[in-house]
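Contents: one structure, followed by commentary.
The values are calculated or read from the model by the stated rules, or taken from the named source; none is laboratory data. Here the structure is a predicted model, which means the values were calculated and not measured. A quick note on method: Cβ atoms are made from the backbone with ideal geometry, for glycine too, and the neighbour counts reach across all protein chains shown. Just so you know, the surface numbers come from the protein's heavy atoms only, side chains and all, with ligands and any DNA or RNA stripped out. Shrake-Rupley method; radii C 1.70, N 1.55, O 1.52, S 1.80 Å.
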Protein chains: 2
Amino acid sequence: MNIAVLGTGMVGDMIASKLISLGHSVMMGSRTVNNEKALAWCGKSGANASQGTFAEAAQFGLVIFNCTKGMNTIDALRLAGSDNLKNKILIDISNPLDFSKGMPPTLSIVNDNSLGEEIQKLFPETKVVKTLNTLNCQLMVNPKLLNDGDHTIFMSGNSSEAKTDVSLLLQSFGWKAENIIDLGDITTARGTEQLLPVWIRLYGTFGNAMFQFKIVK
Amino acid sequence: MNIAVLGTGMVGDMIASKLISLGHSVMMGSRTVNNEKALAWCGKSGANASQGTFAEAAQFGLVIFNCTKGMNTIDALRLAGSDNLKNKILIDISNPLDFSKGMPPTLSIVNDNSLGEEIQKLFPETKVVKTLNTLNCQLMVNPKLLNDGDHTIFMSGNSSEAKTDVSLLLQSFGWKAENIIDLGDITTARGTEQLLPVWIRLYGTFGNAMFQFKIVK
């Protein structure tokens, strides 16, 4: 399948590379064409990898991963363009982490709203699914690196059909179906975005990012 | 040991009863003396159980559990009185959940502050330890009801000595030492209080409260 990955950072690189390894055709999108990191990623990723602007990538993808930094996400998606996002699944991995006031970061959208909801409001014809925003990117694409893959991934979104598709994609990444929790509509993204403050403190406590939430019941 | 439990709701009753079962002397505190629920609790709890005002209970206890609702906590602790709380360990179980705008609740203090921190600021000579605020009260006092007790409890507080004491108390409740995570100072209460939004959504998804966070690493 043609998939767009918006964002050229560590998360974008990791997701895009995993998708290539699964046989998808992937275009990495960034603010400008021929972004240095996007070109470097293409160079190591073979014939199914390409790069372009946010708009070109969004147009190319049937599914779009938002791997931009949360503070840049709305700008990036506006550049991608609502026509290019229309009727498509947008998998939102970002968190609205604001580092401008120092460490630890705060959330720029919080409590009675979330970045996931803001995206859905701005692009009502796009099927936004928030997921993969609560863990280190190595674990996103290789959950078996930890506890034999036995930990929890959350999903939020208004479209059940889109969540079913995303669940299958997550399973292709190595996630066990029983560890994928559908929390409900996109307003539940408030819950998962607010996991970040404790995640950041745990990262400080453990000194590494190889840990994860598991819901036991 | 003499322990105060502030609050007569389900959490207060559960904590106070557990402490009695462990041999402690417990005074349940409420806004008024001879509160109906406090009297009912005393009636079922034997000779080591007593009740009184928030101030009487706080004076009695060497350790004080705050089991009041988050929105009432500051008022309750003011009534308890800073002199009665001075140099003591205050175990804060509350969450600043605001139900006034409907469901799901929001947090009245959030993001760059927390209720735990507010309490610490108001009572600088009290050793505030935030813990047990991320799970159902049956699991607080009987963690083995779920997954053989193998799930995570967090602690936040400025005093390492107080956290050591609280850790021992938690272990007497059935918590395994390896499942008690000290997140750091009281500002880390921001993280655990912000777990509530996803907890509430999980409660909605599962239809019951017998679940818990476990950090796998």
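Scanning the stretch B:192-203 for residues that are over 13 Å from residue B:96 (Cα atoms), facing chain A (nearest Cβ under 7 Å) and out of contact with any strand residue (DSSP E or B) (no Cβ under 6 Å at 6 or more places or on another chain) turns up B:198, B:202.
Can you name the condition, by its number, that residue A:125 falls short on among (1) in a loop (DSSP other than H, G, I, E, B); (2) within 11 Å of chain B (Cβ to nearest Cβ); (3) open to solvent by 30 Å² or more (accessible area, probe 1.4 Å)? Here residue A:125 meets the rest and fails (2). When the helices (runs of 4 or more DSSP H) confined to the stretch B:157-216 are screened for residues that are buried (at least 19 other Cβ atoms within 10 Å of the Cβ) and of a type in the set (S, T, N, Q), those reaching at least 1 such residues are found at B:189-193. When residues in the stretch B:137-156 are screened for being open to solvent by 30 Å² or more (accessible area, probe 1.4 Å) and either part of a strand (DSSP E or B) or at negative phi (or both), 5 of them pass.
Considering the stretch B:39-50 alone, what residues qualify as being part of a helix (DSSP H, G or I) and surrounded by 13 or more Cβ atoms within 10 Å (Cβ to Cβ)? Selection gives B:39, B:40, B:41, B:42, B:45.
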